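Have a look at the structure below before the remarks.
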Amino acid sequence: MEKIIFIQKPHIIVLVSLNMRQHLTLLILVFCSTLSWAQERDTRDIPAISSIDKAFSVLESDPDLKNASISFYVYDAKNKVEVSSHHAEQSLVTASTMKVITTATALDMLGSWHKFKTKLGYDGYIDSNCTLHGNLYVIGGGDPTLGSKYFDDENFMLQWVDEIAKLGIHHIDGKIVGDATYFSDEYVPSTWGWGDMGNYYGSGVSGLSVYDNTVTFTFDAGSNNNDSTHVVCFEPYSPDLRIDNRVKAGDTEKDEAYIYGGPYDPYRVIKGRIPKGSKDFDVRGAMHDPAYVAAFELETYLFRYGITTSSSATTVRRDRLDGILDTTQRTIFFTHESPSVSQIVYWTNLISNNLFAEHLLKHIGVSRYHDGSVYSSTLAVSNYWSDKGVDMTGFSMNDGSGLSRANAVSAKHLVDILTKMKSSKYFDSFYSSLPNCGKTGTLKSYGKGTKIYGNLRAKSGTMTRVKSYAGYVKSANGKDLVFAIIVNNHNCSTYDIGKKLEKLMISLGDYNQ
């Protein structure tokens, strides 16, 4: 006599017989049914792979990236949910994407309407014969925009001459002195490469900066390949600058000349090629001593308008090297104000201006620690965001622009800081400074015909074997995504890696899960 029992559970109906001869068969039936149900349950519970993760998988498996290190992170800022994370905490070289950290800190710490001040003053006294018995000082306040081509400030020297003339001065029985002591004499970060610092994009930071701290060398070139070239002139003029011109005419259509020279060193070596047969061809380089150039420029302008000096222009630093200490009391008679921080940040991010970024970094150091050294300034940035709850473990900042290869930042560092900025009262200024995909800056050629066109805002970073992006985008399902991608040591051209990362960014706009 057999006793039959029916057992029913979700997805399982099992016939159990007490007949021991069939016991083994029934156990196998139960096991197989249970396994089938478990497999169905696991498949149901595993979420589908997102379009973003699929795009990252394609990127990571690309043969051109087989030797690369990649850090990638995407965060839904509104819902506070991680969307995608791949090596998100791996610290890498960022290149110019570092500027989003510098500019975000400057805006949040200094305020969008803050301005930097350059002052004119003198020591001694002005007698009845219109002679100043003393020195005239140009006192820098760390303004990177003085005479900059990016701002309408070309006539500032004429304004200064006018202010000096109002004092009734016809002769200065002394000299024009450039005072750059607002920052330290550390003109460039110690981790910058020798091949960078002589070129325009490697211009350093001075407490008294002028004309974007850039010198323009104008060349004429011979008509044949490998012909010699001639430096026709250079502006602004500096009487101590010496040029070792080794540039050749060549079969090229662009500037392939490179300038070598250190901070405060007036000796410049220029190598490379410029187009053969070219006339008035400009090559831009870093200014060796901006405070001295500013003082000399003012001396030249004053002479043109009939105001003479007894001694040649100099700087506080040069006087100190000659044993002359600056201890006299000064009378301030004019103050020149810079554009606002938000305006400076706009150009810093839009065109990736290294000079502006480095000045902003040093102002951060002055604001927090009253010290404009690179060490104090980078420490101020790290501590500022740490105080706001960002985990800065693994973060190493060595400049403000990203030109240093000693920088180490993860995608998560970037995303966490960008997310914090969304709650800043200066966020609108910050957001509008970032290049608009398909429309402005370094993203102008990207995303056309896709959902990121006019939607994604990000700062790019590029140097040899480094490419990165960090910014904001609204996804197809309306989520506010904050993202960062850093790639080091790729094996393809800058153009090719840019197009590969464009596909990844397009997946952010297409995201609909």
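Each reported figure results from applying straightforward, stated rules to the coordinates on display, with no laboratory input. Since the structure is predicted, the reported quantities are computational estimates derived from the model, not experimental observations. When we count neighbours, we look across all protein chains shown, and the Cβ atoms used for this are built from the backbone with ideal geometry, even at glycine.
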Determine the gain in length on full extension of the stretch residue 499-residue 304; use 0.36 nm per residue of separation and subtract their C-alpha separation, reporting nm with one decimal. 64.9 nm
Which residues make up the longest stretch of the chain that has no GluC sites (Glu not before Pro) in a DSSP loop with at most 14 other Cβ atoms within 10 Å? 254-513
Shape category assigned to region 240-379 from the gyration tensor of Cα positions, a/c cut at 1.5: oblate
Given a Förster distance of 30 Å, the FRET efficiency implied by the Cβ-Cβ spacing of residue 127 and residue 155, rounded to the nearest 0.05, works out to 0.50
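Report the far tail of the P(r) of region 280-361, meaning the percent of Cα-Cα pairs longer than 19 Å.
That tail contains 63 percent of the Cα-Cα pairs.
If R0 is 35 Å, what FRET efficiency do you get for residue 254 and residue 383 from their C-beta distance, rounded to 0.05?
Here the calculated transfer efficiency is 0.25.
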Give me the net charge of residue 498's neighbourhood, meaning all other residues with Cβ under 15 Å from the Cβ of residue 498; Lys, Arg count +1, Asp, Glu -1. +4
Please state the shape class of region 60-200: rounded when a/c is under 1.5, otherwise prolate if a/b exceeds b/c and oblate if not, all from the C-alpha gyration tensor. prolate
What distance in nm lies between label points placed 7 Å from Cα along the C-beta direction at residue 232 and residue 440? 3.5
At R0 = 56 Å, how high is the FRET efficiency between residue 448 and residue 329 if r is their beta carbon distance? Nearest 0.05 is fine. 0.35
State, as an integer percentage, the relative contact order of the chain based on alpha-carbon contacts under 8 Å between residues 6 or more apart. 21
Contact order normalised by residue count of region 89-189, Cα under 8 Å, 6+ apart, percent: 28
Work out, step by step, the length gained on full extension between residue 166 and residue 218: first 0.36 nm times the residue separation, then minus their alpha carbon distance; give nm to one decimal. 15.1 nm
Considering only the other residues whose Cβ falls under 12 Å of the Cβ of residue 81, what net charge follows from Lys and Arg at +1 and Asp and Glu at -1? 0
With a 10 Å radius around each residue's Cβ, average the other Cβ atoms per peptide and rank 484-490, 404-410, highest first. 484-490, 404-410
Kindly express, to the nearest 10 degrees and within the range 0 to 90, the angle between helix 98-110's C-alpha long axis and the longest C-alpha principal axis of the chain. 70
Mean separation of Cα contacts under 8 Å (6+ apart) over length of region 115-339, as relative contact order %: 27
The chain: angle of helix 341-350 to the longest principal axis, Cα-based, in degrees nearest 10: 60
Nearest-20 debye value, the chain charge dipole, Cβ charges on Lys, Arg, Asp, Glu: 2160
In the chain, if the dipole is taken from +1 on Lys/Arg beta carbons and -1 on Asp/Glu beta carbons about the Cα centre, which of 512, 456, 272 is farthest to the positive end? 512
Taking only Cα atoms, what is the 0 to 90° angle, nearest 10, from helix 290-304's long axis to the longest principal axis of the chain? 40
Residue 338 neighbourhood, Cβ < 11 Å, K/R = +1, D/E = -1, net charge -1
Longest the chain segment clear of chymotrypsin sites (Phe, Trp or Tyr not before Pro) sitting in DSSP loops (not H, G, I, E or B) with at most 11 other Cβ atoms within 10 Å runs 306-513
Segment residue 423-residue 337, extension gain: residue separation times 0.36 nm, minus the distance between their alpha carbons: 28.1 nm
